[in-house]
Each structure stands twice: as C-alpha cells, then as structure tokens.
Amino acid sequence: MKILRVEAVAPATSANLGAGFDVFGVALEALFDSVHVEVVEGNDIKISVEGVGAELVPVEPHRNTAGVVAKALLALSNKKCGLTIKIKKGIRPASGLGSSAASAAAAALAINEALKLNLSRKELIKFAAQGEVASAGAPHADNVASALLGFFTIVKSYDPLEVIQLPSPKNIEFVIAIPEVVISTAFARSILPKRVRLPDLVHNVGHATAFIAGIALNDVELMGKGMMDAVIEPARSHLIPGLADVKRSALEAGAAGVTISGAGPSVLALINAEKKNADDVAKAMKDAFERQGVKSQTIRTKPGPGARIVRKEEA
C-alpha cells in the first residue's frame, strides 16, 4: 500500500456576527490550525494534538472533531486502511474562534485528498459539520462553512444544506479581544432560550438583513449597525465579565459594531480601516477587560481565504 501524507491548514472563524445565529460566519486570516493526515495499514484512527490548549482537546476519535470527520469519510470511501492524524492547534479551544471547526475543516480537506474522494468543498461542509457534534453537541455549519470556503458565508438552510459565500469589502478589519476565560460551546448552547419573542425575532431579522446589505453595498457602518442581537447575546452576556463595558469602549474608540464571537468569550469589533485606527479599539477593549480584573490579548485581523492543502507526499 502506498503511504500518503497530506497536511492542510484551516483558519479561525467567527460565527453569528450579531443576529446571524448558526447562519453567518467569516474566516479570519490571523490564526489557523494545521492537520497532518497519513494513510496507514489497519483500520484504526489515531489522533495526537499539540499546540495552544492541546490539553483541552480529547484524542479519542469519537470525541474529537477531526476524528468524527475521519470516521465518516473513511466509511464513505470503503477503503481498507487506517489514518494517523496529527493536529497542531494555533487557535485556542473554547475561545469562540472556531477552534474545533478549523480542525474539522482541515481534516476534511486533507482526508478528502488522502483518500482521493474528490468531494467538493461544499460537500465537505456536511462532514465537517458532523465533527462539530463532538464539541458543541450539534452539527452547526456556520464555522466550518467559512473555514472551508473562506471570507463571509451564509448557511441558507440545513436540510438540505445550502451555503452561500460572499466576498469581503476591502476596508474591513476586525479587532478580537480574547479574555482569559473559558466557555464550553456545548454549555453556551445549552443555556439558550427555547422560545423567542416575536419582537426579538423581528429585531434580529432586520439587523441580520442590514448586515448582509452592508456587505453588498460595501458599507462597513451599516454592517456594524446590523451586529445587534436581541436573542442569543443577552442569554450569554453574563458568561463574559464586563461585556457591556468592553462593547461600549470599543464603540467609543471607533468600532462600527461589536459582538460576542461565536459562543464567546472572545469579543469581535468591526472596523472601517479607512476611517478608524484599529489599535485604538484594541487598547480600549483590553483596558475594559482589565477594569474587570480580566487579562486578555487582542488580535487585529481581516477576512481571509478558507482551508488549503500545504503539503502532499507519497512513499
């Protein structure tokens, strides 16, 4: 049997972006996970993890997002082989930046290549979303869609799964404040309301529409105004110390909009790079967390491309 080794990388992502719960996502160019896959004899899937927060990531295939993806793709292939998967984390788990999705997306792309399945990226989204069950308890596709396709994505429907990719306005920049707080995605989903008031539904539909209109019109300020959520963020806000102060400080420093990134605890601010200084916003957000006694780091980034193969070799 030929030994095939494939390495893929996938970016961090931010999901929801305000009112687009489980629908909106964006790929972030500053951070990424790397997944190295090797086809081996036997039928076992073995996983190892290193890098940022590796101790938080389970290595059992049924509990690891990349492992779930590997099992599903191996079953689809009907090939008699095993897989060795080495994950290098560049995205901290439980940070709200699509860490589990990046591993799932990179694994899907690498395994697709290694097993010569010839699946399209949109087909791979279905498998990567299955991996999210391991970390979030639900197969949501917002993070994995943007991790695989890049830039802004919309999950138009889940059954059947339909995803739309949108280009990014050139003057967009993000500032992300990552506090030293850990929030389990599964827990963050468990506390969400089971019913939504009609006025809140109307609010979110209007604001989500404004956000997409802002992308189409290259209007960053309109995008920022659309980043207001009346349903999900209020339910999770108590999990992030000083969230209201962080958001207020970012807006006063020039951010067009601010919201929780995914399930949190990271907080994402949208900047019009042609008009405002992202460093000012970063300092304001960091200072606001410090007033709560919470240490944080800030990252400046932009929307970026999706997962890609970086190495392939046969022996």
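Observations on the model:
- Selection of first residues in region 209-222 that are crowded, with 18+ Cβ neighbours inside 10 Å and of second residues that are assigned to a loop (DSSP other than H, G, I, E, B) and of a type outside the set (A, V, I, L, M, F, W, C), restricted to Cβ pairs under 7 Å at least 6 apart or on distinct chains, gives the following pairs, ordered by first then second residue: Ala210/Gly226; Phe211/Gly18; Phe211/Gly226; Gly214/Gly226; Ile215/Pro169; Val220/Pro169; Val220/Asn171.
- The set of residues in region 56-101 that are of a type in the set (Gly, Ala, Ser) and either under 15 Å from Phe32 (Cα atoms) or buried (at least 24 other Cβ atoms within 10 Å of the Cβ) (or both) comprises Ala66, Gly67, Ala70, Gly90, Ala94, Ser95, Gly96, Gly98, Ser99, Ser100, Ala101.
- Filtered residue count, region 40-78, keeping only those that are in contact with a strand residue (DSSP E or B) (Cβ under 8 Å, 6 or more places away or on another chain), in contact (Cβ under 8 Å) with a residue 24 or more places away in the chain and not in a strand (DSSP E or B): 14
- A count restricted to region 132-158 and to residues that are out of contact with any Phe, Trp or Tyr (no Cβ under 8 Å at 6 or more places or on another chain), within 26 Å of Pro61 (Cα to Cα) and hydrophobic (A, V, I, L, M, F, W, C) stands at 9.
- Test for Val37: is it assigned to a strand (DSSP E or B), more than 27 Å from Asp229 (Cβ to Cβ), in contact (Cβ under 8 Å) with a residue 24 or more places away in the chain and of a type in the set (Val, Ile, Thr): yes
- Residue match in region 102-120 (condition: crowded, with 21+ Cβ neighbours inside 10 Å and in a loop (DSSP other than H, G, I, E, B)): yes
- Criterion: in contact with a His (Cβ under 6 Å, 6 or more places away or on another chain) and part of a helix (DSSP H, G or I) - qualifying residue of Glu132, Glu123, Glu221: Glu132
- Among the candidates Pro199, Pro93, residue that is part of a loop (DSSP other than H, G, I, E, B) and closer than 27 Å to Leu270 by Cα: Pro93
- The set of residues from region 183-195 being assigned to a loop (DSSP other than H, G, I, E, B) and surrounded by 15 or more Cβ atoms within 10 Å (Cβ to Cβ) comprises Ile183, Ser184.
- Ala255 vs. criteria buried (at least 17 other Cβ atoms within 10 Å of the Cβ) and within 30 Å of Gln165 (Cβ to Cβ): yes
- Count of residues meeting criterion [out of contact with any helix residue (DSSP H, G or I) (no Cβ under 8 Å at 6 or more places or on another chain), crowded, with 16+ Cβ neighbours inside 10 Å and among the charged types (D, E, K, R)] in region 148-182: 0
The numbers here are math on the coordinates, done by the rules we state, and not lab data. Because the structure is a prediction, the values reported are computed rather than measured. In this analysis, Cβ positions are derived from the backbone assuming ideal geometry, glycine residues included, and neighbour counts consider all displayed protein chains.
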